[in-house]
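Remarks on the structure that follows.
The values are calculated or read from the model by the stated rules, or taken from the named source; none is laboratory data. Small disclaimer: the values here were computed from a predicted structure and weren't measured. Here Cβ is always computed from backbone atoms with ideal geometry, including for glycine, and neighbour counts include all displayed protein chains. Surface areas here come from the heavy atoms of the whole protein model, side chains and all, with no ligands, DNA or RNA. Shrake-Rupley method; radii C 1.70, N 1.55, O 1.52, S 1.80 Å.
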Amino acid sequence: MRKLNYKKVFIFLFCLTAAVGTMGLAIKSLAFDKKRTVSAYTNDKNYPEADIQTYVKDNTKGGYSASRPVLHIENIDKQLEAYIKKEIKNYEKKWKASDGKASDGKASELNLTYTILHFSKQTITISFDKYEQVEGKKESESRIFTYDVPSQQKLSIKDIFATDTDYLSVLSDIVFEELTQKEEEGISKSLIKKENKLKAANFNSFSVLKNTLVFYVKTDDSTKTHTIAIKKELFKDSLLDSYQSEDLNEDRVKEWQPKHIVAQLPEQKEWIDPTQKVIALTFDDGPHPSHTMSILEDLNKYDGHATFFVLGSRVQHYPEVLQKMLQQGNEIGNHSWDHPQLTRLSKNKIKGQIEKTQDAVEKATGAGPNLVRPPYGAINDNAREYMEDMKVILWDVDPEDWKERDEKKIVNKVMSKAKDGSIILMHDIYQTSAQAAGKIIKQLHDKGYQLVTISELEKVKKDRELSRITINE
C-alpha cells in the first residue's frame, strides 16, 4: 500500500486555504461596509469610448456615491478625478464635524452624478449634479465643465474668443434680452442689468456644439439654470476657428439640437446718443437710507443714471438701496469695506477690504461690481493685485462736498467745471450733497447733458471713436 505523502498534502491544504482566504478578501472588498470605499467601473451607454467610475461607501450615516466619466484622456481624467475626490473629502469633513449625527433623524449622504452634455473632437462638456445632506442641512447644486480635448485643458469663456473683440458685449445683449423675456419665471430685470450682472464669470458654463453655442446661466440667487442657445454666426468675427468649425465640434454620437436658438442680435434700445453730450455723476461712501434714495428719485425724474461706489460696511445694512439703484439702471462700484487708504495697508488687509465688499454687494444684488474706486484715489501695485478683473475709476471734477457742506457752493463748483465726458465726484452720505445733487441733475439735464454710468460713458467714447464723432460744446 502506497504511503501518503504528508508533505504534498500539507502544501495542497495550505494553497487551498490561501485561495479561499484570497477569495474571501476579494468578496469582502466588494461588499459595502463602514470602513471601505468601493471603486467600480462600468461602461457609459451613451458614449462607448468612455467608462464610468463610481466611488461608493455604504454606511448608515456618512455613506456616499460619486461618479465621474473616465475618458481615457490622461489630463482631463486627472482633473475629473481630483474634482470628485475633493467633493468626497469636503463631505466627509462636514460629516465628521457633525459627529455623524443627523438632526432630523435621517442619515447623512452625498450623491454626485454626471451627464456628458456634448463630446466632440474639439471639446467635451460634463454636467455634475450634487445632492448632499449633513445634520439635516440639504444642499443641491449643478456644475458644468468644458474641456478642450486637444490641449486637455479646462475652458473658460475667454479661451474660445479672440482677444480685443467685443464678444462679451454681444453675448450680454443677447442673454439679457432672453432673460428679461422670462420675468414670469421670477427673474428680476433689476438684478440682471447688463453692466452689473452679465460679465465674463457668468458665462463660464457653456457647450460648443456644431452650429451653436449653449450657455447655462443662473441669475440672482436662483438655483434654476437657464439654457440659452445662440447661433455661432453671431460671433463669426470673434469665435476662434477651432470652435467655429462644424466638423471639429460635431458630437461623436448624436448632435443635440436645442429647441430655441437665438439667430439674430436683439434690437438695440440704447437711449444714449453718442452725438450728444454725456457726463457721469458718481457718488462715494454710501449707501444712505434717505440721502441716496433722494438722489435716485432725482435721477429717475430726468431719466438719468449714475455710478455709486459703495462701502461694504454700509451695504450690509441697506441692501434694498442697492437693489433700487440697479432697478433704475444705475451702476455699483467697490469703494472698500470701511474707507482706509489702501496704499498704507498690508496685502492681506487690502485683499480683505476689496473681497469683503465684493461679497457684500453680491449678497445684496446677486453680483459683485466690476468697477472699483480706491479711497482717496490712492492706488499702487499692491492694491492693483486684488483688482485684476476690475477697472479702477477716478474722477476729474471734485467739488469737495465732504468739506464744503454748502449746497450752493457745491452746485456752482460742479456746474463751472462740468464738460462733455467728465466724471464728477460727490458723496451720497451728506444731506447738503444730496440736495446739491438734485439741482445739479436738473441743470445738467437742462443744458442737454445725458447723465450716464461709467460703463455707459466708456461705451459712448468707444462708439465715438469708431464713428469718428466729435462733440462741440
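So if I check each of S313, S294, which one is touching a residue at least 24 places away in the same chain (Cβ under 8 Å), open to solvent by 10 Å² or more (accessible area, probe 1.4 Å) and over 16 Å from Y430 (Cα atoms)? Working first, answer last.
Values: S294 fails: over 16 Å from Y430 (Cα atoms).
It is S313.
I'd like the residue in the stretch 222-241 that is in a strand (DSSP E or B) and over 21 Å from D166 (Cβ atoms) and, out of all such residues, is least open to solvent (accessible area, probe 1.4 Å).
H226
When both residues are 6+ apart or on different chains and their Cβ atoms are under 6 Å apart, which pairs have a first residue that lies in the stretch 128-153 and is of a type in the set (K, R), and a second that is surrounded by fewer than 16 Cβ atoms within 10 Å (Cβ to Cβ)?
Cβ pairs passing all conditions: K130/E141.
So which residues in the stretch 287-319 are part of a helix (DSSP H, G or I), of a type outside the set (A, V, I, L, M, F, W, C) and over 24 Å from the mean Cα position of the chain (by Cα)?
Here is the first cut: in the stretch 287-319, the ones part of a helix (DSSP H, G or I) are 291-301, 312-315, 319.
Those still in the list that are of a type outside the set (A, V, I, L, M, F, W, C) too: 291-292, 294, 297-298, 300-301, 312-314, 319.
Across the stretch 287-319, the qualifying residues are H291, T292, S294, E297, D298, N300, K301.
Could you tell me whether the stretch 411-419 includes any residue that is surrounded by fewer than 18 Cβ atoms within 10 Å (Cβ to Cβ), part of a helix (DSSP H, G or I) and either polar (S, T, N, Q) or in contact with a Cys (Cβ under 7 Å, 6 or more places away or on another chain) (or both)?
Checked the stretch 411-419: at least one residue is surrounded by fewer than 18 Cβ atoms within 10 Å (Cβ to Cβ), part of a helix (DSSP H, G or I) and either polar (S, T, N, Q) or in contact with a Cys (Cβ under 7 Å, 6 or more places away or on another chain) (or both).
In the stretch 245-267, what residues are touching an Asp or Glu at 6+ places or on another chain (Cβ under 9 Å), in contact (Cβ under 8 Å) with a residue 40 or more places away in the chain and over 17 Å from E233 (Cβ atoms)?
Scanning the stretch 245-267 gives a single hit, R252.
If a residue must be open to solvent by less than 80 Å² (accessible area, probe 1.4 Å), charged (D, E, K, R) and modelled with pLDDT of 95 or more, how many such residues does the stretch 52-86 contain?
Result for the stretch 52-86: 3.
Identify the residue in the stretch 259-291 that is polar (S, T, N, Q) and open to solvent by 30 Å² or more (accessible area, probe 1.4 Å) and, among all such residues, is farthest from A436 (Cα to Cα).
So the first thing to find is which residues in the stretch 259-291 are polar (S, T, N, Q), and the list is 264, 268, 275-276, 282, 290.
Add one more test, that the residue is open to solvent by 30 Å² or more (accessible area, probe 1.4 Å), and what stays is 264, 268, 275-276, 290.
Values: Q264: 45, Q268: 34, T275: 28, Q276: 24, S290: 14 Å.
The selected residue is Q264.
Any idea which of V321, V253 is crowded, with 21+ Cβ neighbours inside 10 Å, β-branched (V, I, T) and more than 30 Å from I469 (Cα to Cα)?
Numbers: V253 fails: crowded, with 21+ Cβ neighbours inside 10 Å.
Going through V321, V253 in turn, just one is crowded, with 21+ Cβ neighbours inside 10 Å, β-branched (V, I, T) and more than 30 Å from I469 (Cα to Cα): V321.
Restricting to the stretch 320-344, count the residues that are outside any helix (DSSP H, G or I) and either modelled with pLDDT under 95 or within 22 Å of the chain's Cα centre (by Cα) (or both). Before you say what the answer is, go through the steps one by one.
Narrowing the stretch 320-344 to residues outside any helix (DSSP H, G or I): 328-341.
Next cut, either modelled with pLDDT under 95 or within 22 Å of the chain's Cα centre (by Cα) (or both) only: 328-337.
So the answer is 10.
Taking K93 and the conditions (1) over 30 Å from L248 (Cβ atoms); (2) assigned to a strand (DSSP E or B); (3) not hydrophobic (A, V, I, L, M, F, W, C), which numbered condition does it fall short on, given that it satisfies the others?
Answer for K93: the failing condition is (2).
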